[in-house]
Every structure is written in structure tokens, then in C-alpha cells.
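Only the coordinates and a few stated rules stand behind these numbers; no lab work does. Computed from a prediction, not measured in an experiment: that's the story for all the values here. Cβ placement follows ideal geometry from the backbone for every residue including glycine, while neighbour counts extend to all protein chains displayed.
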Amino acid sequence: MPSQAVVQFIYPKSAASTFNMEYYLTTHWPLVEKLWGPQGLLGWSVTTGTEETDYHVQAVVFWESLDVVENLTSVEKVMDDVKNFTDATPTRWVGTVVGQSKK
């Protein structure tokens, strides 16, 4: 059985960058769920840091496998929506879950 995949998006903060959290949570993520839920999206989480952090948010997206991530459709549609909530370019990190604990 393939390992669960994780994709992280980290949006850097600068003096000039903006981030619309309301849009991100109420419009962008429902779009992601609609388009990618049937393709193997397992879930996601969004975290914010303190005011002093260098990032607006970190999103962690959980997938059935790396194969699913590599074969997603509608990527362009989801990425095109980014301009509607931020002008920051995210860092993207892709990996697999090798250990986990949930309580």
C-alpha cells in the first residue's frame, strides 16, 4: 500500500504582501475540496503564526498517495485562484508520511 502524501504550501509575509484569510478559508478551500476531493484529497489544515513570523499561513494537504498528487486534474484552476487571496508566492513542499501520532 502506498504511503500517504503531504503537500505543504507556505506563504511568505513581506511589508507589501497581502493575504485574505476569509476568502482563503471560505472560497479557496471549498474549491479545492470540490475539484480534488474525488481525486484522493484526504484533508487539510491551515495554521497561522505569531505576528513576528515571516509567513502568513502554512497549509498542509493530505493525499492518498504521491501518485494521486502527480496526476491531479484542474491544477491550473486551483492555482489561478491564488491571486484572489494573496500576492505572495508560496513555497511548495511535497513528501510522504513516514510516521504519525494522533490523539
| task | Starting at the first residue of segment 85-100, write each ³J(HN,Hα) from the Karplus equation 6.51 cos²θ - 1.76 cosθ + 1.60 with θ = phi - 60°, in whole Hz, x for Gly and Pro. | result | 10, 7, 10, 7, 8, x, 8, 10, 10, 10, x, 10, 6, 10, x, 6
| field | Two-site FRET efficiency, Glu33 against Asp54, from Cβ-Cβ distance with R₀ of 35 Å, rounded to 0.05 | value | 0.80
| Counting other C-beta atoms within 10 Å, which of Val32, Val57 has the fewest, and how do the rest follow? | Val32, Val57
| request: Rank these for me by crowding, Lys83, Lys34, going from fewest to most other beta carbons within 10 Å. | output: Lys83, Lys34
| remark: P(r) over all Cα-Cα pairs of segment 5-96, 5 Å bins from 0 to the longest distance, whole percent per bin, short to long, reads 3, 13, 24, 27, 18, 10, 4, 1
| remark: Taking placed amide H atoms and a strict 5 Å upper bound, the residues 5 or more places from Val57 or on another chain that come that close are Tyr11
| message | What distance in nm separates the two pseudo spin-label positions at Leu42 and Glu76, each 7 Å out from Cα along the beta-carbon direction? | response | 3.0 nm
| query | Listing Trp29, Trp63, Trp36 from the residue with the fewest other Cβ atoms within 10 Å to the one with the most, what is the order? | reply | Trp29, Trp36, Trp63
